[in-house]
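Asks: I have a structure here, written as structure tokens, and I will follow up with some questions on it.
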Amino acid sequence: MSFINYAQREIILKIVYYGPGLCGKTTNIKFIYSGTNPDARGKLISLETKQERTLFFDFLPLSLPAIRGFKTRLHLYSVPGQLFYSASRKLIMKGADGVIFVADSQRARKEANIISMEDLKENLLAYGYDIDKIPFVIQYNKRDLPTAMPVDELREDLNAESKYPEFEACAVAPDGPGVFETLKSVVKMILMELKKTK
Amino acid sequence: MASQMAIFEEEQTAFTQICERLVRDALAKAIFIVDSDGQLITATGETSGIDTTGLASLAAGSTAATGGLAQMLGEEEFPVHFHEGKRNNLHVSLIGDFLILLVIFDERSSLGLVRLRVKRAYNDMDTVLQAVKSRSAEAKDQANDIFGEITDDDIDSLFNDAF
């Protein structure tokens, strides 16, 4: 649910990174933090365990230029990926305007990707959202690894009907190919969706 | 997900005035109102040095988790919770079904005083919240004006300077 503050003249969009454990959701957000103009970014909050697993969520606020006189602020969240954090994952989904599903390209994570996608659909339904009707994109991360599955196979598992925009990425690389493209795509979809519903 | 929550200047000013009064009456350091999705509505008092955006997000997350705990224990909600620190304390209370009031206070005040003053201010805040809700149709019309005119170029230009 986008938030418009007429007093401050700003629009806030909540975007959630979803995906199986250790697929690179936090890495995406950290890369965006490091690649963003310091004036445009807020403080990165990361609630992690000692094993670098997201315990509750990561949070990064970004400020984009004004659009029609309204400052556009993005609030990026990533949910904990591990199955046992299901409760906190569901809480973070509340009020999301758009979702990015980060898939782990490694063959060993094939099953985890599929389970996480099913879990996402269930959590969205719990808030009355339909995955086919919300701004939603898929990112195939870790494309650089030798164990990465072909994109066709990932698509077959997660996007069989090619309904959702998809991006290949390597969030851990110094130039993070695909990371900003994924984010831009979902922001564009959210704004187009808001325009369309008017 | 295309629905919107909006707040207008009149209600924001009303919330700020209530919070300014509450800061004085409760001898608080700072008071914030955030919505349950983590957006900051207003910040009053000694807020410099506090990452207000991050605070709003964490407070909403913590409140949501507390709500989850309440339901697990058969309660509909824990409408008030409290965090005690060595120097600073945080009193959290729900306003209606979607706003969260955060009162930060130190040794100049006490939990009892904060509780009392928050309780007294509750009705005023709830009245403003009802006003926010009653203007949702108006908010929708105004949002039409903003989003309806957005062009592809507007969207593309959003990213030019930030990344």
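The values are calculated or read from the model by the stated rules, or taken from the named source; none is laboratory data. Owing to the predicted nature of the structure, the values given are computational and were not obtained by experimental measurement. So basically every Cβ, Gly included, is an ideal-geometry build from the backbone, and we count neighbours across all protein chains shown. Quick note on the areas: whole protein, heavy atoms, side chains included, nothing else; ligands and nucleic acids left out. Shrake-Rupley method; radii C 1.70, N 1.55, O 1.52, S 1.80 Å.
Asks: Any residue at all in the range A:98-120 that is within 7 Å of another protein chain (Cβ to nearest Cβ), small (Gly, Ala, Ser) and buried (at least 18 other Cβ atoms within 10 Å of the Cβ)?
Replies: Of all residues in the range A:98-120, those within 7 Å of another protein chain (Cβ to nearest Cβ) come to none.
Scanning the range A:98-120, I find no residue that is within 7 Å of another protein chain (Cβ to nearest Cβ), small (Gly, Ala, Ser) and buried (at least 18 other Cβ atoms within 10 Å of the Cβ), so the answer is no.
Asks: Scan (1) surrounded by 17 or more Cβ atoms within 10 Å (Cβ to Cβ); (2) out of contact with any His (no Cβ under 7 Å at 6 or more places or on another chain); (3) modelled with pLDDT of 85 or more; (4) within 11 Å of chain B (Cβ to nearest Cβ) for the single condition A:GLY35 breaks and write down its number.
Replies: (1)
Asks: Which numbered condition trips up A:LYS25, out of (1) within 14 Å of another protein chain (Cβ to nearest Cβ); (2) open to solvent by less than 50 Å² (accessible area, probe 1.4 Å); (3) of a type in the set (D, E, K, R)?
Replies: The number of the failed condition is (1).
Asks: Residues that are among the polar types (S, T, N, Q), closer than 30 Å to A:GLU193 by Cβ and surrounded by fewer than 15 Cβ atoms within 10 Å (Cβ to Cβ): does the range B:110-123 have at least one? Before the answer, list the steps.
Replies: Start the filter on the range B:110-123 by keeping residues that are among the polar types (S, T, N, Q), which leaves B:110, B:123.
Subsequent filtering for residues that are closer than 30 Å to A:GLU193 by Cβ retains none.
For the range B:110-123, residues among the polar types (S, T, N, Q), closer than 30 Å to A:GLU193 by Cβ and surrounded by fewer than 15 Cβ atoms within 10 Å (Cβ to Cβ): absent.
Asks: Consider the range A:38-52. How many of its residues are open to solvent by 80 Å² or more (accessible area, probe 1.4 Å) and either aromatic (Phe, Trp, Tyr) or at pLDDT below 85 (or both)?
Replies: Applying the first criterion (open to solvent by 80 Å² or more (accessible area, probe 1.4 Å)) to the range A:38-52 yields A:38-39, A:43, A:50-52.
In the following step, the residues that additionally are either aromatic (Phe, Trp, Tyr) or at pLDDT below 85 (or both) were identified as A:50-52.
So the answer is 3.
Asks: Could I ask something else about it? Would a scan of the range B:40-54 turn up a residue that is free of Cβ contacts under 8 Å to residues at least 24 places away in the same chain, under 26 Å from A:ALA87 (Cα atoms) and acidic (Asp, Glu)?
Replies: no
Asks: OK, next. Hey, could you check the range A:162-184 for residues that are part of a helix (DSSP H, G or I) and buried (at least 22 other Cβ atoms within 10 Å of the Cβ) and say which is farthest from the other protein chains (Cβ to nearest Cβ)? Talk me through it step by step, then tell me what you get.
Replies: Of the residues in the range A:162-184, the ones part of a helix (DSSP H, G or I) are A:179-184.
Filter again for buried (at least 22 other Cβ atoms within 10 Å of the Cβ), leaving A:179, A:182-183.
Numbers: A:VAL179: 10, A:THR182: 12, A:LEU183: 8 Å.
Per the stated criteria, the residue is A:THR182.
Asks: Still on this structure: I'm trying to understand the selection: among the residues of the range A:38-52, which are within 11 Å of another protein chain (Cβ to nearest Cβ) and either in contact with a Ser or Thr (Cβ under 6 Å, 6 or more places away or on another chain) or at positive phi (or both)?
Replies: Scanning the range A:38-52 gives A:ALA40, A:GLY42.
Asks: If you don't mind, another one. Pairs please, first residue from the range A:130-157 and closer than 22 Å to A:ASP119 by Cβ and free of Cβ contacts under 8 Å to residues at least 12 places away in the same chain, second anywhere and open to solvent by less than 30 Å² (accessible area, probe 1.4 Å) and among the small types (Gly, Ala, Ser), Cβ atoms under 9 Å, 6+ apart in sequence or on different chains.
Replies: The qualifying pairs are A:LYS133/B:ALA2.
Asks: Take the conditions touching a Pro at 6+ places or on another chain (Cβ under 6 Å), of a type outside the set (S, T, N, Q) and modelled with pLDDT of 95 or more and apply them to B:LEU113. Does it pass? Spell out how you get there, then give the answer.
Replies: Details: touching a Pro at 6+ places or on another chain (Cβ under 6 Å): no; of a type outside the set (S, T, N, Q): yes; modelled with pLDDT of 95 or more: yes.
Taking the combined requirement at face value, the residue does not satisfy it.
Asks: Which of the residues that make up the range A:53-70 are closer than 18 Å to A:SER34 by Cβ and either among the acidic types (Asp, Glu) or more than 7 Å from chain B (Cβ to nearest Cβ) (or both)?
Replies: The initial filter retains those residues of the range A:53-70 that are closer than 18 Å to A:SER34 by Cβ, namely A:54, A:58-64.
Those that are closer than 18 Å to A:SER34 by Cβ and either among the acidic types (Asp, Glu) or more than 7 Å from chain B (Cβ to nearest Cβ) (or both): A:THR54, A:ASP58, A:LEU60, A:SER63.
Asks: Take residues that are open to solvent by 10 Å² or more (accessible area, probe 1.4 Å) and within 8 Å of chain A (Cβ to nearest Cβ) and tell me which of the strands (runs of 3 or more DSSP E) falling wholly in the range B:1-74 contain 1 or more.
Replies: Values: elements: B:4-7, B:30-35, B:40-45.
Here the list reads B:4-7.
Asks: Tell me, please, whether a residue that is within 13 Å of another protein chain (Cβ to nearest Cβ) and either over 14 Å from B:LEU27 (Cβ atoms) or not small (Gly, Ala, Ser) (or both) can be found in the range B:107-124.
Replies: Looking only at the range B:107-124, we keep the residues that are within 13 Å of another protein chain (Cβ to nearest Cβ), and these are none.
There is no residue in the range B:107-124 that is within 13 Å of another protein chain (Cβ to nearest Cβ) and either over 14 Å from B:LEU27 (Cβ atoms) or not small (Gly, Ala, Ser) (or both).
Asks: Could you say which residue among B:ILE150, B:ILE95 is β-branched (Val, Ile, Thr), in contact with a strand residue (DSSP E or B) (Cβ under 8 Å, 6 or more places away or on another chain) and either closer than 30 Å to A:LYS188 by Cβ or within 14 Å of chain A (Cβ to nearest Cβ) (or both)? If you could, list the steps in order and put the result at the bottom.
Replies: Values: B:ILE95 fails: either closer than 30 Å to A:LYS188 by Cβ or within 14 Å of chain A (Cβ to nearest Cβ) (or both).
Just a single option satisfies the conditions, and that option is B:ILE150.
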